[in-house]
Amino acid sequence: MPAAATATATAVPAAAAEPSVPTPLPVLGRDVAVPLVTGGEVTYAALDYAASAPALQRVWDDVAAYAPYYGSVHRGAGYLSQLSTDLFENARRTVAGFLDCRADDQLVFTRSTTDSLNLLAAVLPDGCEVFVFETEHHAALLPWQRAGRVTVLDAPDSPARAVASLERALADRDPHGPALVCVTGASNVTGELWPVRELAAAAHAHGARIVLDAAQLAPHRAVSVRELDVDWVAFSGHKLYAPFGSGVLAGRADWLREAGPYLAGGGASRAVTRRADGGVDVEWHETAARHEAGSPNVIGAYAIASACKALTEAGFEALAAREDALVRAVREGLADVPEVRFLSLFGDDAPRVGVLSFVVDGWNSSHFAAALSAEYGIGVRDGLFCAHPLVRRLLGGDTGGAGECGAPEAGALNAIRVSFGAGTPEEHVARFVRAVRELVRDGARWTYRTVEGRCVPDPSATDGPSGA
Ligand SMILES: Cc1ncc(COP(=O)(O)O)c(C=O)c1O
């Protein structure tokens, strides 16, 4: 394979001499300037990593180095096609290594976590019971509703209660039938870490299997399928600094092999023959290809593998330590602002990744998020974060305050989420803390209006004094 195609372009920078927070990994967009409604420009502070993280520079460089060699996978006889096929299969091995999969696990490239969990839902054995907490992202809560008998467990208020609740639910089931537990590794709302190993032990003790939704965990912590003893794991490339439309489902091969293909089509089929009665007989692959019908997204898979290598080289211990420091900077920086209330299931001090949701008394969340963007160049998210039952429970019917941005119902029952990761500079978090303090103390400096239920600056930066 040409060196250019395999080059791992940018080395991860060595940490500077004992900074308070080690150097962030280089990401695309780190120098993008955005206009402020109040005039001038500021470097954009991307603090919505939990939705989509910026691409690692290293991932972008690797993809750019490969791009001239791009070819069809599993199809062509040509050199580039064979090279691309090798690259795709190597990516599969790299990601399986990143996840510390068992030797006989299968790793399927999908489009996203949502796609991965829908794939698993499509291969559940007949009569499979599914157990899931109400706290899950909709991608982990909803696919099973179509597939089997689903038990939705109430939100627990501690990791120990989560395990106890699952134990109780599983004890009541028919121990001979198939069952699946689906659980997140880290909440996309509170960032809190879930007791995955203990939940896996509980599931297995009752003859159930478990799938880990690692969409928010894999970008922040090492995930070992073996150590956690989970049966499957799912995650998305775009949250792992590899935004090229790929995701992963990895784990036990049997249910994947025993079910029909997720999508019927080329690539999934080994042989197709016409029957005498006019119909068609199909022999499906028994490998991951069974569920990868159609032309695979080789760039997406390669980008995920590149991100896996970059994060492994940076070291999850170091990444987690700097993220902990950033979480502390947010918590401590806002500790004396009583109007700011963080959302939490397991308590304020529970271990978490760099994801924090909060409401601000007296503010409509949409208004607050709009002001962070328009007046400070900070991108956060407001809403229910595709985890409606959890956010509603955490808000407890609290509207988060009715702000002055148009109708009071706009943004009601919403929260604000700030999230960050390996590419976040300290300055972004410091700016966020300063902005929240100023907005709470002084109010917005701009006017906003409600458009389709969301607050927007009026006028906006594009026609405001910055003239941008
Ligand atoms: C915990 C969790 N699971 C699943 C998903 C779905 O991921 P995707 O939209 O990439 O399919 C998300 C996305 O935010 C998430 O946070």
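No value in this document is a laboratory result; all are computed from the given coordinates. Since this is a predicted model, take the numbers as computed values, not measurements. Here the Cβ is made from the backbone with ideal geometry for all residues, glycine too, and neighbour counts use every protein chain on show.
Below are the figures for this structure:
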| quantity | calculated |
| --- | --- |
| Subset of segment 355-379 (residues that are under 24 Å from residue 36 (Cα atoms), touching an Asp or Glu at 6+ places or on another chain (Cβ under 6 Å) and not small (Gly, Ala, Ser)) | 360 |
| Of residues in segment 102-125 being under 20 Å from residue 90 (Cα atoms), surrounded by fewer than 20 Cβ atoms within 10 Å (Cβ to Cβ) and touching a residue at least 60 places away in the same chain (Cβ under 8 Å), the one farthest from the ligand (Cβ to nearest atom) | 104 |
| Qualifying residue in segment 360-375 (condition: within 15 Å of the ligand (Cβ to nearest atom) and not in a strand (DSSP E or B)) | no |
| Test: residue in segment 170-178 that is in contact (Cβ under 8 Å) with a residue 60 or more places away in the chain and either of a type in the set (A, V, I, L, M, F, W, C) or touching a strand residue (DSSP E or B) at 6+ places or on another chain (Cβ under 8 Å) (or both) | no |
| Some residue of segment 134-148 being touching a residue at least 12 places away in the same chain (Cβ under 8 Å), more than 14 Å from the ligand (Cβ to nearest atom), under 20 Å from residue 194 (Cα atoms) and buried (at least 21 other Cβ atoms within 10 Å of the Cβ) | no |
| Residue that is farthest from residue 126 (Cα to Cα), among those in segment 139-152 that are of a type in the set (A, V, I, L, M, F, W, C) and within 22 Å of the chain's Cα centre (by Cα) | 139 |
| Condition met for residue 50 (buried (at least 23 other Cβ atoms within 10 Å of the Cβ), more than 23 Å from residue 263 (Cα to Cα), under 23 Å from the mean Cα position of the chain (by Cα) and not basic (Lys, Arg)) | yes |
| Scope segment 114-134; condition of a type outside the set (D, E, K, R) and more than 26 Å from residue 160 (Cα to Cα); matching residues | 114, 116, 118, 119, 120, 121, 122, 123, 124, 125, 127 |
| Pairs with Cβ under 6 Å, 6+ apart, first in segment 306-319 and within 13 Å of residue 24 (Cα to Cα), second part of a helix (DSSP H, G or I) | 310/58 |
